[in-house]
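The values are calculated or read from the model by the stated rules, or taken from the named source; none is laboratory data. This structure is a prediction, so every number in the text was calculated from the model and none was measured. In this analysis, Cβ positions are derived from the backbone assuming ideal geometry, glycine residues included, and neighbour counts consider all displayed protein chains.
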Amino acid sequence: MIDEHDDLSRRCPPLGGPVPFKYCRTMNRKLPCQRIVQCWGPKFNVIEWLKENYSPEQIEQALTPDTRSRLDKILETAHETSSKKDK
């Protein structure tokens, strides 16, 4: 089940504070964070969980480093947000 670990939380290195697993599995455009294996691997078998809940293509997309600049990410998020408001 995709949400079986959602109640777990841990410190997020990039954010600097505690976050629930749910955030980690959805923060990357509804896909897991690219650091999910490093962060959550010590707590449970994240690799198996990924294989059970995502296609190989989705896993590759989620775990491949994002080459966009920080500004590009911010602008894209702003555009997506404004598009949702227009609907």
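Name the residue that is nearest to ILE47 (Cα to Cα), counting only residues in segment 68-87 that are modelled with pLDDT under 85 and assigned to a loop (DSSP other than H, G, I, E, B). Applying the filter and picking the extreme gives ARG68.
Let's see how each residue does on (1) within 19 Å of PRO56 (Cβ to Cβ); (2) out of contact with any helix residue (DSSP H, G or I) (no Cβ under 7 Å at 6 or more places or on another chain):
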residue	(1), (2)
MET1	no, yes
ASP7	no, yes
ARG10	no, no
PRO20	no, yes
TYR23	no, yes
LYS30	yes, yes
CYS33	yes, no
ILE36	yes, no
PRO42	no, yes
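Scanning segment 24-57 for residues that are free of Cβ contacts under 8 Å to residues at least 12 places away in the same chain and touching a Cys at 6+ places or on another chain (Cβ under 8 Å) yields one hit, MET27. For segment 44-65, filtered to residues that are loosely packed, with under 11 Cβ neighbours inside 10 Å and not in a helix (DSSP H, G or I), the residue that is farthest from the chain's Cα centre (by Cα) is SER55. Which of the residues that make up segment 22-43 are farther than 16 Å from ARG68 by Cβ, under 9 Å from the mean Cα position of the chain (by Cα) and of a type outside the set (Val, Ile, Thr)? The answer is LYS22, TYR23, CYS24, ARG25, LYS30, PRO32, ARG35. Among the numbered conditions (1) part of a helix (DSSP H, G or I); (2) touching a Pro at 6+ places or on another chain (Cβ under 9 Å); (3) modelled with pLDDT under 95, the only one that ARG25 does not meet is (3).
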